[in-house]
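Contents: one structure, followed by commentary.
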Amino acid sequence: MTQNIFYYIINKLTFIFINTMPFTWNENYSVGVKTFDDQHKRYIDLANQIDVLSMQAGVNQEKILMSLIEFANYAALHFSSEETYFETYKFPEQELHVAEHNRYRETIKEFLAKAQGPNADVKKIAHELSDFAVDWLLRHVISMDKHYTDFFHERGIK
């Protein structure tokens, strides 16, 4: 766990201070369940795409807004996938985990509402959402998702 936190901190500091390259996945963030790891990778790719769009000159605001919506939909798909596994296999930390997902869902709704508001600075909001999303995922993987690794492995899910 300490090693994972160390990698998270180093990677986040690199992302914040250099910010010339997108956040990159590494195996320290793996939860040991291929379906979820693949979804986490796609989530990071989408967040990185939003960040790149937010820094491009002359990019259409509508294109950014559509990317934000695609991202929110993908996060919802991922949460639904995890929550289906939790329910099917009776994961004991399901309630706590789903509550964390619900807090995230509310925050993303707030970002989308701000982005769709009159005179919204969609590029700024997109950059903020991207930073929030990557930071949230990494904290969530380390503090919550890693809790289900052994549980699912014991049930033959890898």
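So if we plug the beta-carbon distance of Phe132 and Lys109 into 1/(1 + (r/R0)^6) with R0 = 22 Å, what FRET efficiency do we get, rounded to 0.05? Provide the component values of the computation, followed by the final result.
Numbers: r = 13 Å, r/R0 = 0.58.
It comes to 0.95.
Given a Förster distance of 22 angstrom, what is the FRET efficiency for Met66 paired with Val98, based on the Cβ-Cβ distance and rounded to 0.05?
Working: r = 28 Å, r/R0 = 1.27.
Using R0 = 22 Å, I get an efficiency of 0.20.
Just to confirm a number: summing +1 for Lys and Arg and -1 for Asp and Glu over residues other than Leu53 whose beta-carbon lies under 15 angstrom from that of Leu53, what do you get?
Net local charge, Leu53 excluded: -4.
Test of understanding: what is the full-extension gain from Ser143 to Arg42, defined as 0.36 nm times their sequence separation minus their Cα-Cα distance?
In short, 34.4 nm is gained.
Say we join alpha carbon atoms closer than 10 Å with springs in a Gaussian network model of the chain; which of Leu96, Leu46, Leu137 then has the biggest fluctuation?
Comparing Leu96, Leu46, Leu137 in a Gaussian network model of the chain, the most mobile one is Leu96.
First check a/c for the stretch 53-117, with a ≥ b ≥ c the square roots of the eigenvalues of its C-alpha gyration tensor; if it is under 1.5, answer rounded, and if not, answer prolate when a/b is larger than b/c or oblate otherwise. Show your work: numbers first, answer last.
Working: a/c = 4.07, a/b = 2.62, b/c = 1.55.
Prolate shape, in that a/c is at least 1.5 and a/b is the bigger ratio.
Provide the gained length on full extension for the span Glu27 to Met55, in nm with one decimal, where the gain is 0.36 nm per separating residue minus the Cα-Cα distance.
Answer, rounded to one decimal: 7.3 nm.
Whole Å is fine, so just give me how far the alpha carbon centre of the stretch 98-158 lies from that of the stretch 76-97.
After rounding, the separation between the Cα centres reads 15 Å.
Looking at the calculated P(r) for the chain, what percent of the C-alpha pair distances fall above 19 Å? Before the final figure, lay out the partial values.
Numbers: 6854 of 12403 pairs.
Beyond 19 Å sits 55 percent of the P(r) for the chain.
Taken together, the values in this text are just the output of simple stated rules run on the coordinates, not laboratory data. Nothing here was measured: the structure is a model prediction, and the numbers come from that model. Note that we place each Cβ from the backbone using ideal geometry, even for glycine, and neighbour counts take in every protein chain shown.
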